[in-house]
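Chemist: Pasting in a structure now, in C-alpha coordinates, and then I'll have a few things to ask.
The values are calculated or read from the model by the stated rules, or taken from the named source; none is laboratory data. Note that this is a predicted model, so its numbers are computed, not measured. Methodologically, a virtual Cβ is constructed for each residue, glycine included, from the backbone with ideal geometry; neighbour enumeration extends over all protein chains shown.
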Amino acid sequence: MILADTIPYGNILLIQTGFAGDMVLTTPLLRGVRRAAPSARITLLHAPRTEGLVRCCPHLDDRIVYDKGGESRGAPAALRLARELRRRRYDLVVSPHRSIRSGLLALASGAERRVGFDHVPSALFYTDVVPYSRWESTFVRRKLRLLEPLGIVERDERTEAYFGDDDAAEANALLEEAGLGRPFAVLAIGSAWATKRWPPRRFGELAALLGERGIAAALVGGPSDREAAAEAMRFGPSADLTGRTTFGVLAAILSRAALFVGNDSGALHLASAAGTPSVALFGPTGPEQFRFDDKVRVVRSEAPCAPCSDHGSERCPLGDWVCLPGIGAERVAREAASLLAGAGALSSGGEGSTDG
(Lines give C-alpha, C1' and ligand atoms only; values in the text may rest on other atoms or scores of the structure.)
Protein backbone atom coordinates (compact mmCIF):
# COMPACT_ATOMS: atom_id res chain seq x y z
CA MET A 1 0.00 0.00 0.00
CA ILE A 2 1.34 3.43 -0.95
CA LEU A 3 0.10 6.33 1.17
CA ALA A 4 1.45 8.93 -1.28
CA ASP A 5 0.58 8.55 -4.95
CA THR A 6 3.89 10.03 -6.05
CA ILE A 7 7.06 11.48 -4.59
CA PRO A 8 8.34 14.84 -5.83
CA TYR A 9 11.57 13.58 -7.35
CA GLY A 10 12.19 13.24 -11.07
CA ASN A 11 15.73 11.84 -11.18
CA ILE A 12 16.37 8.98 -8.76
CA LEU A 13 19.46 6.84 -8.13
CA LEU A 14 19.42 3.50 -6.30
CA ILE A 15 22.69 1.93 -5.15
CA GLN A 16 22.99 -1.85 -4.74
CA THR A 17 26.45 -3.28 -5.39
CA GLY A 18 25.97 -6.48 -3.36
CA PHE A 19 25.78 -10.14 -4.35
CA ALA A 20 23.15 -11.77 -6.56
CA GLY A 21 20.90 -12.68 -3.64
CA ASP A 22 21.02 -9.09 -2.39
CA MET A 23 19.89 -7.88 -5.80
CA VAL A 24 16.97 -10.30 -6.07
CA LEU A 25 15.87 -9.24 -2.58
CA THR A 26 16.09 -5.60 -3.72
CA THR A 27 13.59 -6.04 -6.58
CA PRO A 28 10.58 -5.19 -4.34
CA LEU A 29 12.30 -1.89 -3.52
CA LEU A 30 12.85 -1.16 -7.23
CA ARG A 31 9.17 -1.86 -7.86
CA GLY A 32 8.14 0.27 -4.88
CA VAL A 33 10.13 3.28 -6.09
CA ARG A 34 8.60 2.97 -9.56
CA ARG A 35 5.09 2.78 -8.12
CA ALA A 36 5.76 5.90 -6.07
CA ALA A 37 7.37 7.81 -8.93
CA PRO A 38 5.87 6.50 -12.19
CA SER A 39 7.16 9.41 -14.29
CA ALA A 40 10.65 9.68 -12.75
CA ARG A 41 13.90 8.62 -14.38
CA ILE A 42 15.21 5.78 -12.19
CA THR A 43 18.83 4.61 -12.41
CA LEU A 44 20.41 1.65 -10.62
CA LEU A 45 24.11 1.53 -9.78
CA HIS A 46 25.17 -2.10 -9.47
CA ALA A 47 28.09 -4.53 -9.77
CA PRO A 48 28.87 -6.46 -12.99
CA ARG A 49 28.00 -9.77 -11.33
CA THR A 50 24.31 -8.79 -11.14
CA GLU A 51 24.01 -7.56 -14.74
CA GLY A 52 21.84 -10.48 -15.83
CA LEU A 53 19.44 -9.98 -12.93
CA VAL A 54 18.44 -6.41 -13.82
CA ARG A 55 19.18 -6.01 -17.54
CA CYS A 56 15.49 -6.51 -18.35
CA CYS A 57 14.04 -4.92 -15.21
CA PRO A 58 10.93 -2.93 -16.24
CA HIS A 59 11.22 -0.56 -13.29
CA LEU A 60 14.50 1.00 -14.45
CA ASP A 61 15.31 3.62 -17.07
CA ASP A 62 19.09 3.38 -16.82
CA ARG A 63 21.86 1.42 -15.14
CA ILE A 64 25.44 2.21 -14.13
CA VAL A 65 27.73 -0.81 -13.84
CA TYR A 66 30.35 -0.23 -11.16
CA ASP A 67 33.15 -2.81 -11.15
CA LYS A 68 34.49 -1.88 -7.74
CA GLY A 69 36.82 -4.89 -7.57
CA GLY A 70 38.04 -4.72 -11.19
CA GLU A 71 38.49 -1.96 -13.73
CA SER A 72 36.78 0.62 -11.49
CA ARG A 73 39.05 -0.18 -8.57
CA GLY A 74 41.06 2.59 -6.95
CA ALA A 75 40.71 6.27 -6.17
CA PRO A 76 40.97 7.66 -9.75
CA ALA A 77 38.11 5.49 -10.98
CA ALA A 78 36.02 6.35 -7.91
CA LEU A 79 36.57 10.06 -8.54
CA ARG A 80 35.50 9.66 -12.19
CA LEU A 81 32.34 7.91 -11.08
CA ALA A 82 31.65 10.60 -8.48
CA ARG A 83 31.97 13.31 -11.14
CA GLU A 84 29.64 11.36 -13.44
CA LEU A 85 27.03 10.98 -10.70
CA ARG A 86 27.16 14.71 -9.95
CA ARG A 87 26.87 15.52 -13.66
CA ARG A 88 23.63 13.54 -13.83
CA ARG A 89 22.04 15.75 -11.17
CA TYR A 90 20.09 13.22 -9.13
CA ASP A 91 17.67 14.74 -6.65
CA LEU A 92 17.10 11.55 -4.64
CA VAL A 93 19.42 8.64 -3.76
CA VAL A 94 18.18 5.49 -2.01
CA SER A 95 20.83 2.96 -0.97
CA PRO A 96 19.95 -0.46 0.47
CA HIS A 97 23.67 -1.26 0.39
CA ARG A 98 25.26 -0.46 3.74
CA SER A 99 28.93 -0.04 2.82
CA ILE A 100 30.97 3.11 3.38
CA ARG A 101 31.69 3.18 -0.35
CA SER A 102 27.98 3.30 -1.18
CA GLY A 103 27.48 6.09 1.33
CA LEU A 104 30.33 8.09 -0.18
CA LEU A 105 28.86 7.64 -3.67
CA ALA A 106 25.49 8.83 -2.41
CA LEU A 107 27.12 11.94 -0.93
CA ALA A 108 29.22 12.53 -4.05
CA SER A 109 26.11 12.53 -6.22
CA GLY A 110 25.16 15.90 -4.79
CA ALA A 111 21.55 14.78 -4.37
CA GLU A 112 19.61 16.94 -1.93
CA ARG A 113 17.85 13.88 -0.42
CA ARG A 114 19.81 10.73 0.42
CA VAL A 115 18.23 7.77 2.23
CA GLY A 116 20.18 4.88 3.76
CA PHE A 117 20.50 2.73 6.85
CA ASP A 118 21.88 3.89 10.19
CA HIS A 119 24.93 1.67 9.75
CA VAL A 120 27.87 3.52 11.29
CA PRO A 121 29.89 5.19 9.80
CA SER A 122 28.10 5.20 6.41
CA ALA A 123 25.04 6.82 8.06
CA LEU A 124 26.99 10.09 8.12
CA PHE A 125 26.53 10.42 4.36
CA TYR A 126 22.71 10.34 4.31
CA THR A 127 20.11 13.02 5.01
CA ASP A 128 17.60 10.40 6.18
CA VAL A 129 18.56 7.21 8.02
CA VAL A 130 16.43 4.16 8.73
CA PRO A 131 17.17 1.78 11.63
CA TYR A 132 18.68 -1.53 10.55
CA SER A 133 17.97 -4.44 12.87
CA ARG A 134 18.50 -7.98 11.65
CA TRP A 135 16.12 -9.20 14.37
CA GLU A 136 13.29 -6.97 13.29
CA SER A 137 11.95 -8.51 10.08
CA THR A 138 12.89 -10.02 6.72
CA PHE A 139 15.62 -8.71 4.43
CA VAL A 140 12.99 -7.42 1.99
CA ARG A 141 10.94 -5.67 4.68
CA ARG A 142 14.04 -3.85 5.94
CA LYS A 143 14.83 -2.64 2.42
CA LEU A 144 11.26 -1.44 1.88
CA ARG A 145 11.50 0.60 5.08
CA LEU A 146 13.89 2.89 3.21
CA LEU A 147 10.79 4.35 1.53
CA GLU A 148 9.17 5.39 4.80
CA PRO A 149 11.08 8.72 5.15
CA LEU A 150 9.53 9.58 1.77
CA GLY A 151 6.01 9.01 3.07
CA ILE A 152 5.62 5.59 1.47
CA VAL A 153 4.54 2.38 3.17
CA GLU A 154 5.10 -0.48 0.72
CA ARG A 155 4.11 -3.95 1.92
CA ASP A 156 4.45 -5.98 -1.28
CA GLU A 157 7.46 -8.22 -0.59
CA ARG A 158 7.22 -10.38 -3.72
CA THR A 159 10.58 -10.68 -5.46
CA GLU A 160 10.86 -10.64 -9.25
CA ALA A 161 12.90 -12.47 -11.89
CA TYR A 162 13.53 -10.90 -15.29
CA PHE A 163 14.74 -12.26 -18.61
CA GLY A 164 14.52 -11.21 -22.25
CA ASP A 165 13.75 -12.99 -25.51
CA ASP A 166 17.46 -13.49 -26.13
CA ASP A 167 17.83 -15.14 -22.72
CA ALA A 168 14.89 -17.45 -23.49
CA ALA A 169 16.39 -18.40 -26.86
CA GLU A 170 19.77 -19.20 -25.27
CA ALA A 171 18.06 -21.19 -22.52
CA ASN A 172 16.12 -23.22 -25.10
CA ALA A 173 19.33 -23.96 -27.00
CA LEU A 174 21.13 -25.13 -23.86
CA LEU A 175 18.24 -27.34 -22.78
CA GLU A 176 17.97 -28.88 -26.24
CA GLU A 177 21.72 -29.51 -26.37
CA ALA A 178 21.55 -31.17 -22.95
CA GLY A 179 18.58 -33.32 -23.97
CA LEU A 180 16.36 -31.85 -21.25
CA GLY A 181 13.04 -32.18 -23.02
CA ARG A 182 11.37 -34.12 -20.19
CA PRO A 183 10.64 -32.69 -16.72
CA PHE A 184 13.93 -31.58 -15.21
CA ALA A 185 15.31 -30.24 -11.95
CA VAL A 186 17.83 -27.43 -11.66
CA LEU A 187 20.46 -28.24 -9.03
CA ALA A 188 22.44 -25.13 -8.06
CA ILE A 189 25.64 -26.36 -6.48
CA GLY A 190 27.30 -23.03 -5.70
CA SER A 191 27.22 -20.32 -3.07
CA ALA A 192 29.41 -17.33 -2.29
CA TRP A 193 30.63 -19.04 0.92
CA ALA A 194 32.14 -22.51 1.23
CA THR A 195 30.24 -23.47 4.39
CA LYS A 196 26.90 -22.86 2.60
CA ARG A 197 27.56 -25.42 -0.15
CA TRP A 198 25.94 -28.85 0.10
CA PRO A 199 28.68 -31.37 -0.80
CA PRO A 200 28.89 -32.24 -4.53
CA ARG A 201 28.45 -35.93 -3.76
CA ARG A 202 25.05 -35.19 -2.22
CA PHE A 203 23.94 -33.38 -5.36
CA GLY A 204 25.01 -36.38 -7.42
CA GLU A 205 23.13 -38.78 -5.15
CA LEU A 206 20.06 -36.56 -5.42
CA ALA A 207 20.32 -36.52 -9.23
CA ALA A 208 20.32 -40.33 -9.22
CA LEU A 209 17.24 -40.46 -6.96
CA LEU A 210 15.38 -37.92 -9.09
CA GLY A 211 16.28 -39.87 -12.23
CA GLU A 212 14.57 -42.95 -10.77
CA ARG A 213 11.41 -40.85 -10.55
CA GLY A 214 11.54 -39.55 -14.12
CA ILE A 215 13.13 -36.18 -13.37
CA ALA A 216 16.35 -35.29 -15.19
CA ALA A 217 18.94 -33.08 -13.47
CA ALA A 218 20.82 -30.01 -14.68
CA LEU A 219 23.72 -28.69 -12.60
CA VAL A 220 24.12 -24.91 -12.67
CA GLY A 221 26.67 -22.57 -11.15
CA GLY A 222 29.54 -20.30 -12.06
CA PRO A 223 32.84 -21.23 -13.73
CA SER A 224 34.34 -21.86 -10.28
CA ASP A 225 31.74 -24.60 -9.70
CA ARG A 226 32.86 -26.80 -12.60
CA GLU A 227 35.09 -28.99 -10.46
CA ALA A 228 32.25 -29.57 -7.99
CA ALA A 229 29.93 -30.41 -10.89
CA ALA A 230 32.39 -32.99 -12.20
CA GLU A 231 32.51 -34.61 -8.77
CA ALA A 232 28.71 -34.61 -8.49
CA MET A 233 28.40 -36.33 -11.86
CA ARG A 234 30.43 -39.27 -10.52
CA PHE A 235 27.47 -40.15 -8.29
CA GLY A 236 24.50 -39.36 -10.50
CA PRO A 237 23.76 -38.55 -14.16
CA SER A 238 23.35 -34.82 -14.78
CA ALA A 239 23.65 -32.24 -17.53
CA ASP A 240 26.49 -29.89 -16.63
CA LEU A 241 25.53 -26.27 -17.33
CA THR A 242 27.98 -24.71 -14.85
CA GLY A 243 29.68 -21.62 -16.22
CA ARG A 244 27.32 -21.47 -19.19
CA THR A 245 24.42 -19.36 -17.94
CA THR A 246 24.02 -15.71 -17.14
CA PHE A 247 21.45 -14.90 -14.49
CA GLY A 248 19.04 -13.90 -17.25
CA VAL A 249 19.45 -17.27 -18.97
CA LEU A 250 19.14 -19.02 -15.62
CA ALA A 251 15.87 -17.18 -14.95
CA ALA A 252 14.57 -18.40 -18.31
CA ILE A 253 15.63 -21.98 -17.50
CA LEU A 254 13.98 -21.78 -14.09
CA SER A 255 10.73 -20.69 -15.72
CA ARG A 256 10.65 -24.10 -17.46
CA ALA A 257 12.01 -26.27 -14.64
CA ALA A 258 9.83 -28.65 -12.65
CA LEU A 259 12.03 -28.28 -9.56
CA PHE A 260 14.91 -26.32 -8.09
CA VAL A 261 17.23 -27.54 -5.33
CA GLY A 262 19.97 -25.31 -4.02
CA ASN A 263 21.94 -23.78 -1.20
CA ASP A 264 21.26 -20.46 0.51
CA SER A 265 22.38 -18.42 -2.50
CA GLY A 266 21.36 -15.98 -5.20
CA ALA A 267 20.16 -18.86 -7.36
CA LEU A 268 17.72 -19.92 -4.62
CA HIS A 269 16.24 -16.43 -4.38
CA LEU A 270 16.02 -16.24 -8.18
CA ALA A 271 14.17 -19.58 -8.28
CA SER A 272 11.76 -18.37 -5.62
CA ALA A 273 11.20 -15.15 -7.57
CA ALA A 274 10.55 -17.17 -10.74
CA GLY A 275 7.92 -19.26 -8.94
CA THR A 276 9.81 -22.53 -9.44
CA PRO A 277 8.97 -25.24 -6.85
CA SER A 278 12.11 -25.24 -4.72
CA VAL A 279 13.88 -27.13 -1.97
CA ALA A 280 16.17 -24.79 -0.04
CA LEU A 281 19.13 -26.17 1.90
CA PHE A 282 20.19 -24.33 5.05
CA GLY A 283 23.14 -25.16 7.29
CA PRO A 284 25.22 -22.35 8.83
CA THR A 285 22.53 -19.80 8.02
CA GLY A 286 18.80 -19.79 8.77
CA PRO A 287 15.71 -19.07 6.66
CA GLU A 288 13.98 -16.81 9.18
CA GLN A 289 14.92 -13.58 7.39
CA PHE A 290 13.34 -14.70 4.12
CA ARG A 291 9.64 -14.83 3.34
CA PHE A 292 9.20 -17.92 1.16
CA ASP A 293 5.82 -18.89 -0.25
CA ASP A 294 4.28 -22.37 -0.28
CA LYS A 295 6.31 -23.34 -3.37
CA VAL A 296 9.48 -23.45 -1.26
CA ARG A 297 10.34 -26.25 1.17
CA VAL A 298 13.15 -25.58 3.60
CA VAL A 299 15.48 -28.40 4.66
CA ARG A 300 17.49 -27.36 7.69
CA SER A 301 20.50 -28.97 9.25
CA GLU A 302 19.78 -30.81 12.48
CA ALA A 303 23.28 -30.13 13.82
CA PRO A 304 23.07 -28.52 17.30
CA CYS A 305 25.50 -25.77 16.25
CA ALA A 306 23.39 -24.60 13.29
CA PRO A 307 22.74 -21.90 12.39
CA CYS A 308 25.91 -20.08 13.36
CA SER A 309 26.11 -17.16 10.93
CA ASP A 310 24.15 -14.49 9.09
CA HIS A 311 25.99 -14.89 5.79
CA GLY A 312 28.15 -18.01 6.01
CA SER A 313 31.93 -18.19 5.97
CA GLU A 314 34.82 -19.87 4.21
CA ARG A 315 35.56 -22.11 7.20
CA CYS A 316 33.44 -23.71 9.87
CA PRO A 317 33.95 -21.88 13.20
CA LEU A 318 34.19 -25.24 15.00
CA GLY A 319 36.39 -26.85 12.36
CA ASP A 320 34.26 -29.96 11.74
CA TRP A 321 31.54 -28.63 9.32
CA VAL A 322 28.85 -31.22 9.93
CA CYS A 323 25.76 -29.11 9.23
CA LEU A 324 25.23 -29.39 5.48
CA PRO A 325 27.05 -32.73 4.97
CA GLY A 326 24.63 -34.18 7.52
CA ILE A 327 21.65 -33.54 5.22
CA GLY A 328 21.18 -36.71 3.18
CA ALA A 329 20.05 -36.88 -0.44
CA GLU A 330 17.14 -39.16 0.50
CA ARG A 331 15.73 -36.54 2.85
CA VAL A 332 15.89 -33.88 0.13
CA ALA A 333 14.34 -36.25 -2.42
CA ARG A 334 11.44 -36.89 -0.06
CA GLU A 335 10.83 -33.16 0.32
CA ALA A 336 10.95 -32.76 -3.47
CA ALA A 337 8.49 -35.62 -3.93
CA SER A 338 6.11 -34.12 -1.39
CA LEU A 339 6.37 -30.70 -3.01
CA LEU A 340 5.64 -31.99 -6.50
CA ALA A 341 3.14 -34.72 -5.69
CA GLY A 342 0.17 -32.52 -6.51
CA ALA A 343 1.58 -31.72 -9.94
CA GLY A 344 2.28 -35.39 -10.70
CA ALA A 345 5.82 -34.56 -11.71
CA LEU A 346 7.39 -37.46 -9.81
CA SER A 347 6.64 -41.11 -10.29
CA SER A 348 5.74 -43.40 -7.40
CA GLY A 349 9.16 -45.03 -7.25
CA GLY A 350 10.89 -45.80 -3.94
CA GLU A 351 12.07 -42.84 -1.89
CA GLY A 352 14.77 -44.33 0.25
CA SER A 353 14.66 -44.58 4.01
CA THR A 354 17.75 -43.01 5.53
CA ASP A 355 19.56 -39.71 5.47
CA GLY A 356 22.85 -41.37 4.60
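Chemist: List pairs: first in the range 318-329 and under 11 Å from Pro199 (Cβ atoms), second crowded, with 17+ Cβ neighbours inside 10 Å and of a type in the set (Asp, Glu), Cβ under 9 Å, 6+ apart or cross-chain?
Modeler: Gly328/Glu205; Ala329/Glu205
Chemist: Shifting gears a bit: Would you confirm whether any residue within the range 153-174 is at pLDDT below 95, over 23 Å from the mean Cα position of the chain (by Cα) and either farther than 30 Å from Pro58 by Cβ or not acidic (Asp, Glu) (or both)?
Modeler: Yes, that holds for at least one residue.
Chemist: State the number of residues belonging to the range 244-261 that are outside any helix (DSSP H, G or I) and closer than 14 Å to Ala161 by Cβ.
Modeler: 6
Chemist: Still on this structure, I have one more. For the range 117-129, which positions are surrounded by 22 or more Cβ atoms within 10 Å (Cβ to Cβ) and either touching a strand residue (DSSP E or B) at 6+ places or on another chain (Cβ under 6 Å) or in a loop (DSSP other than H, G, I, E, B) (or both)?
Modeler: Answer for the range 117-129, where residues must be surrounded by 22 or more Cβ atoms within 10 Å (Cβ to Cβ) and either touching a strand residue (DSSP E or B) at 6+ places or on another chain (Cβ under 6 Å) or in a loop (DSSP other than H, G, I, E, B) (or both): Phe117, Tyr126.
Chemist: Out of all the residues in the range 223-235, which are part of a loop (DSSP other than H, G, I, E, B) and either of a type in the set (A, V, I, L, M) or modelled with pLDDT under 95 (or both)?
Modeler: Met233
Chemist: Looking only at the range 99-116, which residues are touching a residue at least 40 places away in the same chain (Cβ under 8 Å) and not in a helix (DSSP H, G or I)?
Modeler: Across the range 99-116, the qualifying residues are Ser99, Ser109, Ala111, Arg113.
Chemist: Can you pull out every residue in the range 81-116 that is crowded, with 16+ Cβ neighbours inside 10 Å and touching a Gly at 6+ places or on another chain (Cβ under 7 Å)?
Modeler: Of everything in the range 81-116, those that are crowded, with 16+ Cβ neighbours inside 10 Å and touching a Gly at 6+ places or on another chain (Cβ under 7 Å) turn out to be Asp91, Ser95, His97, Gly103, Ala106, Gly116.
Chemist: Something else now. Inspect the range 165-186 for any residue being closer than 19 Å to Arg234 by Cβ and either among the aromatic types (Phe, Trp, Tyr) or part of a helix (DSSP H, G or I) (or both) and give the result as yes or no.
Modeler: The answer is no; no qualifying residue exists.
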